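Report on the following structure.
Bear in mind these aren't lab numbers, they're just calculated from the coordinates by the rules spelled out. Every value quoted in this text rests on a predicted model; they were computed, and no experiment measured them. Quick reminder, even Gly has a Cβ in these numbers, built from the backbone with ideal geometry, and neighbours come from all protein chains shown.
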Amino acid sequence: MTTLPNALRIVIVDDEEPARLALAHALSEIADVSLVGECQNGFDAVKLVAETRPDAVLLDVQMPKLDGFDVLELIGADVPVIFVTAYDEFAIRAFEVHAVDYLLKPVSAERLQMALDRVRGRGRPPSPSPAVVRASARRPGEILERVVIRDGAQVHVIAVDRIDYVEAQDDYVGFRTGGKVLLKEQTLADVEASLDPRRFVRIHRSYVLNVERLARVELYAKDSRIAILADGTKLPVSRSGYQRLQQLL
């Protein structure tokens, strides 16, 4: 592959080796691009993108553990993403999160060139917000089953049944799980809307509780209550939060 000074630096992410080889070969036929790395899963993709800061990522949608939408949420909106997949059912969701393009396998040289031209600025859409990415990654009415959190170079995938509670912390929310708190840039309202309302309840303007962790509710002062969790943690319960909790229990 001939590398020019203004070459686009590309990363390939696909769990299937034949697909990675096919894309790498197609890129080798294009003079003004440079393949700076490839990987086969979302965890490595987040690390590789952080290390190489490519101009674009050719990203598969369906991969184990972290799918393409999870990766897009974690790497942020600064790196343009071109989805490359064998399925057309994700196209609408891909463009909702402002993917630069959506290519179906097998990818033709002409379509790949067109997508890369868009990366260079021709017709490139605006970057999505993290909230838009999260919402589009779920189908309408779909209940969240896991939470994906980036902590520096680490990526945590937390099953929702492992969450004790969620706490609002300025522009972040803290997910309490396994005795520690993991922070994510998100609103508590966004979290509440994505969780199963039969298991999670907003007990206070700053807390969403997994009711399976609740041991009891005690009166703290006049019209003031606290929720005591099985591990002894105490959380405030507002008047409206207590009403919601009673309805759920």
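Details
- Counting every other Cβ atom within 10 Å of each residue's Cβ, GLU73, GLU110 order from fewest to most as GLU110, GLU73.
- Extension gain for ARG162 to THR187 (0.36 nm times residue separation, less C-alpha to C-alpha distance): 7.0 nm.
- Take every pair of alpha-carbon atoms less than 8 Å apart whose residues are at least six positions apart; their mean separation over the length of segment 8-135 yields a relative contact order of 22 percent.
- Where labels lie 7 Å past Cα in the beta-carbon direction, separation of SER108 and GLN62 in nm: 2.4 nm
- Förster radius 25 Å - calculated FRET efficiency between ARG205 and ASP78, Cβ distance, rounded to 0.05: 0.20
- Whole-Å distance, taken between Cα centres, linking segment 84-99 and segment 176-212: 29 Å
- Here the gap between ARG239 and SER224, fully extended at 0.36 nm per residue and compared with their Cα-Cα distance, gives a gain of 4.7 nm.
- Taking the Cα centre of the chain as origin and assigning +1 to Lys and Arg Cβ atoms and -1 to Asp and Glu Cβ atoms, the resulting dipole is close to 1140 debye.
- Coupling constants for segment 220-230 follow from the phi torsions by the Karplus curve (6.51 cos²θ - 1.76 cosθ + 1.60, θ = phi - 60°), and in residue order they are 9, 7, 4, 6, 10, 10, 10, 9, 10, 7, 4 Hz; glycine and proline get x.
- Student exercise, segment 8-135 dipole from Lys, Arg, Asp, Glu Cβ charges, in Debye to nearest 20: 380 debye
- Segment 142-249, relative contact order in percent, only Cα pairs under 8 angstrom and at least six apart counted: 18 percent
- Relative contact order for the chain: 10 percent, from Cα pairs under 8 Å spaced at least 6 residues apart, divided by residue count.
- For segment 8-135, the residue among ALA19, VAL107, ILE82 whose Cα projects farthest onto the positive side of the dipole built from Cβ charges is ILE82.
- For the chain, pairs of C-alpha atoms spaced more than 34 angstrom apart make up 29 percent of the total.
- For LEU8, the residues whose modelled amide H falls within less than 5 Å of its own, excluding neighbours fewer than 5 places apart on the same chain, are VAL33, SER34.
- At an R0 of 25 angstrom, the distance between the Cβ atoms of ASP170 and THR52 translates into a FRET efficiency of 0.20.
- Tensor-based shape of segment 8-135 (alpha-carbon gyration tensor, a/c under 1.5 rounded, otherwise prolate or oblate): rounded
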